[in-house]
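The values are calculated or read from the model by the stated rules, or taken from the named source; none is laboratory data. A quick note: this is a predicted structure, and the numbers were derived from the prediction, not measured. A quick note on method: Cβ atoms are made from the backbone with ideal geometry, for glycine too, and the neighbour counts reach across all protein chains shown. These accessible areas exclude ligands, DNA and RNA; they are computed on the full protein's heavy atoms, side chains included. Shrake-Rupley method; radii C 1.70, N 1.55, O 1.52, S 1.80 Å.
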Amino acid sequence: MKTIGVADTTFARFDMASAAIDELERTGTGFRVERYTVPGVKDLPVACKLLIEERGCDIVIALGMPGPMEKDRMCAHEASTGLIRAQLMTNRHIIEVFVHADEAPDDGGLAALAEGRAREHAVNAYDLLFRPDRLRRDAGTGQRQGFPDEGPIGRR
Amino acid sequence: MKTIGVADTTFARFDMASAAIDELERTGTGFRVERYTVPGVKDLPVACKLLIEERGCDIVIALGMPGPMEKDRMCAHEASTGLIRAQLMTNRHIIEVFVHADEAPDDGGLAALAEGRAREHAVNAYDLLFRPDRLRRDAGTGQRQGFPDEGPIGRR
Amino acid sequence: MKTIGVADTTFARFDMASAAIDELERTGTGFRVERYTVPGVKDLPVACKLLIEERGCDIVIALGMPGPMEKDRMCAHEASTGLIRAQLMTNRHIIEVFVHADEAPDDGGLAALAEGRAREHAVNAYDLLFRPDRLRRDAGTGQRQGFPDEGPIGRR
Amino acid sequence: MKTIGVADTTFARFDMASAAIDELERTGTGFRVERYTVPGVKDLPVACKLLIEERGCDIVIALGMPGPMEKDRMCAHEASTGLIRAQLMTNRHIIEVFVHADEAPDDGGLAALAEGRAREHAVNAYDLLFRPDRLRRDAGTGQRQGFPDEGPIGRR
Amino acid sequence: MKTIGVADTTFARFDMASAAIDELERTGTGFRVERYTVPGVKDLPVACKLLIEERGCDIVIALGMPGPMEKDRMCAHEASTGLIRAQLMTNRHIIEVFVHADEAPDDGGLAALAEGRAREHAVNAYDLLFRPDRLRRDAGTGQRQGFPDEGPIGRR
């Protein structure tokens, strides 16, 4: 039995964690979920590290929705840097699922994007843990999460 | 009995720490407060780490008010990066409460914003320590601190 | 017998890993290859660290193709920073092979650049491991990977 | 007896260290000074760490004067990030005293600013070590170093 | 007998390492040199750490010539950040000697700048190791490497 951590924020405007957990359950079995909700994306790195070190998670999905301003982009950058550092300190993957306000034209599109990306990255987390061969098979094929895949480009 | 650290600066133009402590006391009991004042936001990361490692704090609230210039934004970025690193080194939350000069039209607005944000994040710190279910309940609902909440967006 | 790690992504639109492995095999012997595919470039740092610490790699080639937007450039920056940190934590080289969408005029050019850079950096990784004198010989000579070498400039 | 480290650079165009040491001596007793001069600001982080770990400093003042170009601003950012990391690795304060060329209209103004900031931050370092209550008293009052204080803003 | 590490790249278009080593030998005795050549500046941090930890270097000179594009500036920033981190992990100085393409009007000027900066920083490394009093004497006097010194500014 593996443990998958799901960390999210009260700042986000969409319940990406529920979408990710729902998708995990549709995808397979053999795991339980540990949840952790924090105020904003800058609180995610230590939350993910605690999920790994104190609640036994084998992998974590970190979900967030940074705001639209320049200042918010910097917050996201700081959070991402921290998430990578947390992974290097624990030797565990933390799949970052951030959706930026300027990635969709309106609230409906943003909600759809948040849900789609959360679901597709939930499968990525599942694959890293249970079936890495599926990722290997898709290496270099232009996979996207929440948007249509771009597909591979020529030459080989 | 838990210990909540409150770190702030002499650079800030509003006494955010007093507002945060007042709000903590209105919110609940079961904790004592440790204070630490430093010159500027770049001095906060090690102050917060000392509050955790040498004064036994279970969580810290780090309050600052970076200046309005490009150089100041970089200071805030460096401080934020350090606060995240300090959290990862200690496995404790440090709630960053920064207010930027360009977030309000005048001094009065800035003071109100600083007070509001300090108070709302004090409750977040209390919740992380004593009642994480409240944060879980608000996951993905667009909570803001010092400004009106944005609320959730559709689809689910 | 040495072990060379090859880490790549499903996000990339060209199978750079296969090109790198093919070039390694053309270049010499005395090694085996360990592969690891992750979703995107921000997942590479911990994958490379795992290749070194849990799968015994002596060196790793990290291949990725960041997207064209400003946000993607920041992702690449975060990934690069993490790859350098992973190297400092393990005392092993991780050769970063990133190709940016704006480095070629069209998909065909991008594929050719990705293949050429992967192949030339595969030789660099081989040289670091087996024949560092070749790198020493080329010190300060303006070597490029995937583009024509720039060559040395005068004075000596 | 405490030890205060003073680290500075040959790159700076003003002898900020002498100003800082003079001000320390005017401010109080109970300490001795350890000096360390390096070429530029990027050499300061490890110099400060060495002052703390190998020369027994309880606190360090790090003085520098980054150049005026974009490239110099990046150097200052890298140095600042390193200074914060050094503090987190040692649990000691390092007070950064940087003066940027664009902060004053001419050389005379820059020299006055460098001297004033070095002196005021020397007192901050002294206070952190010997009389933290003075910093607490000034929390949130808009203190500045080298420029006139901005003072507190309303509401409380 | 001390050991001075000299790390450089095949990417650079000038053999800065030879200039640095020649200058070291003109400057004094009591040391031997360890060389390490890597492909690019982002490979320098771990190379310098290996020079210190596995080849016994007491100090390292890290030489590089980042390219002219925005992407190259980011590479240089990542490398610099890594060099500072490597210093903090080893408590040894690594003198960064980077020359940027836009610092000289043409190839001849760039070569002259690269040689001059490498030579002047070689002396800085020698001084840090053998005669720190020379650096102390020049504190705050506006020293430059590869360009004319700026000299001190008034007031004291």
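When C:PRO148 is represented by a point 7 angstrom out along its Cα-to-C-beta vector, the spacings to that point in the other copies are 3.9, 3.9, 6.3, 6.3 nm, nearest first. If you bin all the Cα-Cα distances of the protein assembly as shown at 20 Å, starting from zero, the percentages per bin are 16, 48, 32, 3. Each copy carries a label point for B:ASP133 at 7 Å from Cα along the beta-carbon vector; from one copy to the others these points are 4.4, 4.4, 7.2, 7.2 nm apart, nearest first. Using a 1.4 Å probe and counting only protein heavy atoms, how much accessible surface gets buried when B and A come together, both sides summed, in Å² to the nearest 100? Buried surface at the B/A interface: approximately 3200 Å². Under 22 Å of direct C-alpha separation, and excluding same-chain neighbours fewer than eight residues apart, B:LYS42 reaches these lysines: A:LYS42, A:LYS71, B:LYS71, D:LYS42, D:LYS49, D:LYS71. Taking amide H as placed 1.01 Å from N in the peptide plane, E:VAL6 has its amide H under 5 Å from the amide H of E:GLU34, E:ARG35, E:TYR36, E:ILE61, each at least 5 places away in sequence or on another chain. Counting, for every residue in B:43-50, the Cβ atoms of other protein chains within 10 Å of its Cβ and taking the mean gives 5. Tell me the net charge near C:GLY56. Cut-off is 14 Å between Cβ atoms, C:GLY56 excluded, with +1 for each Lys or Arg and -1 for each Asp or Glu. Residues close to C:GLY56 contribute a combined charge of +2. For region A:8-76, GluC sites (Glu not before Pro) are listed when DSSP marks them as loop and at most 15 other Cβ atoms sit within 10 Å of their Cβ; the list is A:GLU54. Label points for C:ASP102 are taken 7 Å from Cα along Cα→Cβ. From this copy to the others they lie 1.3, 1.3, 2.1, 2.1 nm apart, shortest first. Using the Cβ of D:ALA101 as centre and a radius below 11 Å, the other residues enclosed give a net charge of -4, where K and R count +1 and D and E count -1. With protein chains left intact and a 1.4 Å probe, residues in the protein assembly as shown average 36 Å² of accessible area per residue. The Cα atoms of chain A give a gyration tensor whose axes a ≥ b ≥ c have a/c under 1.5, which makes the shape rounded. For the protein assembly as shown, the Cβ-based charge dipole about the Cα centre amounts to some 2100 debye (Lys, Arg positive; Asp, Glu negative; other atoms uncharged). Our helix-only sum for chain A, with -39,500 (n - 2.57) per DSSP H run of n ≥ 4 divided by its residues, gives a mean residue ellipticity at 222 nm of -15000 deg cm²/dmol. For the segment E:130-138, counting C-beta atoms of other chains within 10 Å of every residue's C-beta and taking the mean gives 3. Rounded to whole numbers, the Karplus 3J(HN,Hα) couplings from phi for region B:43-60 are 8, 5, x, 6, 4, 5, 5, 5, 4, 6, 8, 10, 10, x, 6, 8, 7, 10 Hz, using 6.51 cos²θ - 1.76 cosθ + 1.60 with θ = phi - 60°, and x at Gly and Pro. In this structure, the amide hydrogen of E:GLY64, modeled 1.01 Å from its nitrogen in the peptide plane, lies closer than 5 angstrom to those of E:VAL97, E:PHE98, E:VAL99, counting only residues at least 5 positions away or on a different chain. Here region C:71-156 exposes an accessible surface that is 47 percent carbon and sulfur, computed with a 1.4 Å probe and the other protein chains kept in place. Taking Cα centre as origin and charging only the Cβ of basic (Lys, Arg, +1) and acidic (Asp, Glu, -1) residues, the dipole magnitude of chain E rounds to 660 debye.
Quick one: among A:ALA12, A:ALA104, A:ALA20, which has the greatest mean-square fluctuation in a GNM of chain A with alpha-carbon springs under 10 angstrom? Comparing A:ALA12, A:ALA104, A:ALA20 in the GNM, the peak value goes to A:ALA104.
Among the residues of region E:15-40, those with an accessible-area drop of 50 Å² or more from chain alone to full protein complex, heavy atoms and 1.4 Å probe, are E:ARG35, E:THR37, E:PRO39.
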